[in-house]
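Here's the structure we're looking at; comments come further down.
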4 protein chains.
Amino acid sequence: MIRFDSDYLEGCLPEILAALQESNLEQTPGYGEDAHCDNARSLIRRACGLENADVHFLVGGTQANATIISSILRPYQGVLCAESGHINIHETGAVEHTGHKVLALPSADGKISARQIADAIQAHREDFSREHMVQPGMVYISFPTEKGTIYSLRELQAISGTCHKAGIPLFVDGARLGYGLCSPACDLTLPQLAALADVFYIGGTKQGALLGEAVVFNPDASAVAPTLSRDFRYNIKQNGGMLAKGRLLGIQFETLFRDGLYLRAASHAIRQARRVRDAFAAKGYAFLADSPTNQQFPILPDTLIERLRRDFGFEAWQKMDAEHTAVRFVTSWATTDAAVDALIAAL
Amino acid sequence: MIRFDSDYLEGCLPEILAALQESNLEQTPGYGEDAHCDNARSLIRRACGLENADVHFLVGGTQANATIISSILRPYQGVLCAESGHINIHETGAVEHTGHKVLALPSADGKISARQIADAIQAHREDFSREHMVQPGMVYISFPTEKGTIYSLRELQAISGTCHKAGIPLFVDGARLGYGLCSPACDLTLPQLAALADVFYIGGTKQGALLGEAVVFNPDASAVAPTLSRDFRYNIKQNGGMLAKGRLLGIQFETLFRDGLYLRAASHAIRQARRVRDAFAAKGYAFLADSPTNQQFPILPDTLIERLRRDFGFEAWQKMDAEHTAVRFVTSWATTDAAVDALIAAL
Amino acid sequence: MIRFDSDYLEGCLPEILAALQESNLEQTPGYGEDAHCDNARSLIRRACGLENADVHFLVGGTQANATIISSILRPYQGVLCAESGHINIHETGAVEHTGHKVLALPSADGKISARQIADAIQAHREDFSREHMVQPGMVYISFPTEKGTIYSLRELQAISGTCHKAGIPLFVDGARLGYGLCSPACDLTLPQLAALADVFYIGGTKQGALLGEAVVFNPDASAVAPTLSRDFRYNIKQNGGMLAKGRLLGIQFETLFRDGLYLRAASHAIRQARRVRDAFAAKGYAFLADSPTNQQFPILPDTLIERLRRDFGFEAWQKMDAEHTAVRFVTSWATTDAAVDALIAAL
Amino acid sequence: MIRFDSDYLEGCLPEILAALQESNLEQTPGYGEDAHCDNARSLIRRACGLENADVHFLVGGTQANATIISSILRPYQGVLCAESGHINIHETGAVEHTGHKVLALPSADGKISARQIADAIQAHREDFSREHMVQPGMVYISFPTEKGTIYSLRELQAISGTCHKAGIPLFVDGARLGYGLCSPACDLTLPQLAALADVFYIGGTKQGALLGEAVVFNPDASAVAPTLSRDFRYNIKQNGGMLAKGRLLGIQFETLFRDGLYLRAASHAIRQARRVRDAFAAKGYAFLADSPTNQQFPILPDTLIERLRRDFGFEAWQKMDAEHTAVRFVTSWATTDAAVDALIAAL
């Protein structure tokens, strides 16, 4: 069985295991205050071009989302996002669990527009019964989205501008950030993204780490009070995200950002994803969304799906009609040429 | 600098790193549904003598405590614990963050008694304005406690009996469980403890794992509805504790429980802790509590503390008078003979 | 200015003021444990045909909804409702504030069907990643709905049956219950409704009381544990709904249910509403929904709206096209013949 | 039976019923935006000497406390108060229900000092593991306290100064504010108190209203951001405190503050309380606390308590020894000379 189910099928990049091995008997302070975490924070600040950024390490995406969102919103505020946003669909209501409504906007491709955001904010402010409704207090977007699509620089600038004009922060979920930045279709850089968001995170779990997400607060952003970032460690602890052995996260991000491993590993996945995409396209299959990243969503006849399942692992994503289903194939740092060759051959 | 600050100064037991290395390229399902997690669950059930137990893996202690407690209590219920309990003092209000009051009972040595619990429950039930007060809905104890002390079998039986008579569950925080069970002063076994608690966890982070706690629900306990345990995975996800690469926890607990490594490593720490204790006792120093586990709290003159600080790391715990402070020395699986020798020599 | 903005424009039914006057200097226990509350509870049990029902008095609808819903759901559960449901739109996220997601289902007329509910529950149970999603834990419907429509007995039986087959409770928001039950279009009685719901409330605020809603737990319902109802007073207090002078609510519901005043006053409103509806219909105007209750939503030319506004108060409800808007006219116990005459004349 | 159980035994001041009667058929906008509420806000601003104050009306004390506290604190912050504070003891954990820990300080007489507050804040800020603990984010005091005692102007100035120096707001629970301000032992005025607090409320329920508390935000206070007060109506709605017929609160506070009725009615209660106190003191009984307000706590032999219970209602407050209990006698605007005469005669 060759699996394309997800980008978290294997352990981690070998470089990370080596770094864990090498540092294993060092004695370090706990809770993220060790030298490895400090170094990782420096490397990330440099990669983002934000020398004053506050960088924090969290364990996973759901935790990062709920902790960040609840640290920023006032009790009566909610977060605007695409209806397909991970926080709206696949986190067991973790945001609502912290007391906040997710304000979902319609989206066909996983993206929302500056116009949708501006309209939602204005509609709320103009409503005479606004106090009876949840106030939009921040915007959440995923980069890439849950459907593999990415925002252009211009789209992101428009969104950021809209948010800041309205005085509300922009939060970018980057659980698969590297796969977006590496895509040939991407016209923006990490520093550009970092400058446009108030807070975002750089995903580790789905990009070759054992676990971990690096949260970056942009200190120059206008819409998040500096105290929120300064006291964020209280929020991490309160939400169960502060590891006693915080170095486990520091060592991994240190390894990922020391010499470009993060984007290098992601580029490998993108190359394999294009091979997968091209193979399905060559057979004439349509796609649920036009994804330039490591998740591909071909729409296949159910008969083909049944046949492929004998040798390959992948997820059924969405029933399209009586005989067709959109499925998801995911590549990662660990996807081998041989695995994709076998898939191509099977097609 | 030789550090006795905590039991999470180093990475992890070498056997764990080896297991991670060996399994690294295996492709497995996510979210704790892989074969390693299954195997670890079986091993833990066997070690606990609870063949029907539900076993779940969580990332850390604060997260485990808040997730378990909030999964069981009704909104108007609180949790009884010692005023020195970790949930009351050192978790940034994570339990209150889920909406529940911590009902702290006075305690000199970190323990609470069956009598205190019974009195608190009865006082509530008899109070004519009880609906204006938080209802005791479960009991939390630490084994060992935050002061290194442990409950005897008889004490634990009395507490368990009191809880079950009152129809409320008993939860045991076992962040350092192995250090308690291994202590020569301990007169109970893991199966005995497992049979008396409704839910407890087996600490990994402080006992040689990179991270992780194994939560065990006792299916035969009378005071927790079976649905709570059955649906507990929803709670884990909602609280940000479900790792995509859940196998990271499974592999570790598999390693710890395959051939007795868990208790073997803890026994090493206990031996070193006794050497530390004996060295301080031989010099005539008193202790904050009579701890038979891996945390020792000698009360030292501030002048001695200052001198020891040049070569050793340890925590100041509690100011006793103008010239004396209780400090904490902690040993672990990684504490070397040489480190303790050096401390003894320095005394 | 003659106002049709809402059914809470005036103070209260004169009978209620008289009862408050008469009882003013009586000394009674607080917190709903006085003789007036006891009597009101008996009268309501009798009116519902539920001799064992638990009846509680709360201050308002938003408070009643959030308190009831959060008292029943487990943390990872959400509440199914129509997307137009009051809890989803107009309560400032009060349900999410208690930690629970509102699971909105599409609805054109404010109602949801047994089929929609069954499908949503089954889709969740069959989803392989269900633990990553909010579990449907109860169903909320409004009777009448926010658009003035009502469920038939058969529809309500189907919904109740679906809920109970799935083991989840049915909650009916009856903020305007009387206006529904009185409507000539209604084919069910209060006892019939009471027997089908697990919990519901009888609105006072919008039906002639100064404030107050009477919550009724059906003890024979299968899907709510008896302890939830028994301990509900804790929930009320915790949510700020327990009045020190609880008699204020008891005296009002005693008055409303002593001799049929509740439905008598509602019937007056329905008669006036039909006159309003007939007047608009006679002019050929369409309606947003076919409401047989005290809220009417004619779709009017904006020019007419502008003219009517000089003399009448009413709410703009929904923009239909460039030149038409659906508006809301509401009648109540206090709506005079003269007021409706004037409106008819103006048309 | 003559009752001294509480100050909410009767309905309301006759002037309030008259005002409700008179205004009953007026048509007004809902949700506190009517002319009566506006007028009441103006009268209160004038009485407080705060022409820019934001005034809001809430239904009861528990609701006011939880709504105010949760609107101000960040998620990881808690509220400092006396261990006997109402929020800590008698509100079913309403504050914790909103996610915040109550940080209780020891208190013999219901009061806390500026020194205690300063020490608690400083201890937190100096603790090296402060991020693992709840951060003090505001201070709650009751005026009068739950034991009937009051702060002097100098004490209040010291507390306010300490809070503002530390940058955290001071909140005064004034559920019985008038009984404190009227007491001959009180050396401060309402404007003086209003200038020292960041937010406080003027109790109605226990001072002759049917229900209601008037919350006053001081716009010139340094420690609460103006947005919190500006958006407070969202918080009220979300917490179920926004009455559709908001005028019910406006009319009552308009009546209480139009011509001094609020303090006049309280003064009557104080006079009766002094007669009660003097009667017990003359018999040589000690008191639990030296209360100059409308609650008196004599310590009586259990035999006397038993005898008095035949004719009088009052609460047992605290068991003192095998034969003595502190009890509570409460007077109000409604306490008659005859009632107190009867009590004196019975002694």
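Counting only other chain Cβ atoms within 10 Å of each residue's Cβ, the peptide B:2-10 averages 5. Axis-proximal residue of chain D for the rotation onto chain B, reported as residue and distance in whole Å: D:E96, 2, based on Cβ position. Computed extension gain for D:L153 through D:D109, at 0.36 nm per residue and net of the alpha carbon distance, reaches 14.1 nm. State, as an integer percentage, the relative contact order of the range D:14-258 based on alpha-carbon contacts under 8 Å between residues 6 or more apart. With pairs under 8 Å counted, the relative contact order is 31 percent. Close amide H partners of B:E315, meaning residues 5 or more places away or on another chain with modelled amide H under 5 Å apart, are B:R328. Taking the DSSP bridge list for the range D:14-258 and keeping only pairs wholly inside it, about 40 percent are antiparallel.
Shielding by partners for C:95-106, please: the mean number of other protein chain Cβ atoms within 10 Å of each residue's Cβ. It would help to have the intermediate numbers written out before the result.
Working: counts 3, 13, 16, 8, 13, 4, 9, 4, 1, 1, 0, 0.
Averaged over the peptide's residues, the number is 6.
Distances between equivalent label points of D:T303 across the copies, with each point positioned 7 Å along Cα→Cβ, amount to 6.3, 9.3, 10.2 nm, shortest listed first. Just the Cα atoms of the range D:57-174, one point each, no solvent: what log10 I(q)/I(0) does Debye give at q = 0.18, 0.21 Å⁻¹? The computed values of log10 I(q)/I(0) come out as -0.90, -1.24. Residue-wise HN-Hα couplings along the range B:160-172, as the Karplus relation 6.51 cos²θ - 1.76 cosθ + 1.60 with θ = phi - 60° gives them from phi, are 4, x, 4, 4, 5, 4, 7, x, 10, x, 10, 10, 10 Hz; Gly and Pro carry x. Taking other C-beta atoms within 10 Å as the exposure proxy, A:R247, B:R328, A:R258 rank A:R258, B:R328, A:R247 from fewest upward.
Using a cut-off of 11 Å between beta-carbons, work out the net charge of the residues near B:H100 (Lys and Arg +1, Asp and Glu -1, B:H100 not included).
Working: positive: B:R74, B:K101, D:K101; negative: B:E96, D:E96.
Every neighbour counted, the sum reads +1.
What fraction, in whole percent, of alpha-carbon pairs in the protein assembly as shown exceed 63 Å separation? Percent of Cα pairs beyond 63 Å in the protein assembly as shown: 14.
Would you tally the net charge around C:D109, using a Cβ to Cβ cut-off of less than 11 Å, leaving C:D109 out, and scoring K and R as +1, D and E as -1? Walk me through the numbers on the way to the answer.
Values: positive: C:K111, C:K147; negative: C:E146, C:D290.
Its environment carries a net charge of 0.
Between identical copies, the spacing of C:D220 label points, each set 7 Å from Cα toward the C-beta atom, reads 4.0, 6.5, 7.1 nm from nearest to farthest. The 3J(HN,Hα) values that the Karplus relation (6.51, -1.76, 1.60; θ = phi - 60°) gives for the range D:173-181 are, in residue order, 7, x, 3, 10, 3, x, 5, x, 5 Hz. Gly and Pro appear as x. Our summary gives the range C:203-347 a relative contact order of 23 percent, counting only alpha carbon pairs under 8 angstrom and 6 or more residues apart. Copy-to-copy label distances for D:M1, where each label lies 7 Å from Cα along Cα-to-Cβ, are 4.8, 7.0, 7.1 nm in order of increasing length.
Taking chain C as a Gaussian network of alpha-carbon nodes connected by springs under 10 Å, the highest mean-square fluctuation of the residues C:F257, C:F57, C:F143 belongs to C:F257. Taking a point 7 Å out from the Cα of C:D311 in the direction of its Cβ, the residues of the range C:259-295 whose backbone N falls within less than 17 Å of it are C:276-277, C:279-280, C:283. What is the percent of Cα-Cα separations in the range B:220-347 that go past 19 Å? Percentage above 19 Å: 63. Which residue fluctuates most in the GNM of chain A (Cα springs below 10 Å): A:D187, A:D259, A:D198? Highest fluctuation of the listed residues: A:D259.
If each residue's Cβ is checked for other Cβ atoms within 10 Å, how do A:L170, C:L196 rank with the fewest at the top? Mind showing how you got there, number by number?
Details: A:L170 26, C:L196 23.
Lowest to highest Cβ neighbour count: C:L196, A:L170.
Near the amide H of B:H324, within less than 5 Å, lie the amide hydrogens of B:D302, all on another chain or at least 5 residues away, with H placed in the peptide plane. About its Cα centre, the range A:14-258 has a charge dipole of approximately 140 debye under the convention of +1 per Lys or Arg Cβ and -1 per Asp or Glu Cβ, with nothing else charged. Assuming charge only on the beta carbon of Lys and Arg (+1) and of Asp and Glu (-1), the dipole of the range A:182-300 about its Cα centre is about 480 debye to the nearest 20.
Give me the net charge for the shell around C:N52: Cβ to Cβ below 13 angstrom, other residues only, Lys and Arg +1, Asp and Glu -1.
On the way: positive: C:R41, C:R45, C:R46, C:R230; negative: C:E51, C:D54, C:D220.
Here the charged neighbours net out to +1.
So if I place +1 on the C-beta of Lys and Arg and -1 on the C-beta of Asp and Glu, and nothing else carries charge, what would the dipole magnitude of the protein assembly as shown be about its Cα centre? I want it in debye, nearest 20. Could the numbers behind the result be given before it?
Working: 128 positive and 156 negative charges, 0 e Å.
In total the dipole reaches around 0 debye.
For chain D, with a Gaussian network of springs between Cα atoms less than 10 Å apart, report the residue from D:L153, D:L80, D:L181 with the top mean-square fluctuation. Result: D:L153 has the largest fluctuation of those listed.
Sorting D:S142, C:S113 by the number of Cβ atoms found within 10 Å of their own Cβ, with the fewest placed first, yields C:S113, D:S142. Shielding of peptide C:201-208 by partners, expressed as the average count of other chain Cβ atoms within 10 Å per residue Cβ, is 1.
Extending 7 Å from the Cα toward the beta-carbon at both B:R264 and A:A123 defines two label points whose distance is 6.4 nm.
Quick check of the Kirkwood formula: for chain A, what is the inverse mean of 1/r over all pairs of different Cα atoms, in Å? Don't skip to the answer; put the middle values down first.
Working: mean 1/r = 0.0480 Å⁻¹.
Averaging 1/r across every pair of different Cα atoms and inverting gives 20.8 Å.
Full extension of the chain between D:K165 and D:D38 gives 42.3 nm of extra length, using 0.36 nm per residue less the Cα-Cα distance.
Throughout, read-outs are computed from the coordinates displayed, never taken from laboratory work. This one's a predicted model, so the numbers in the text were calculated from it and none came from an experiment. No Cβ is skipped: glycine too gets one built from the backbone with ideal geometry, and neighbour counts run over all protein chains shown.
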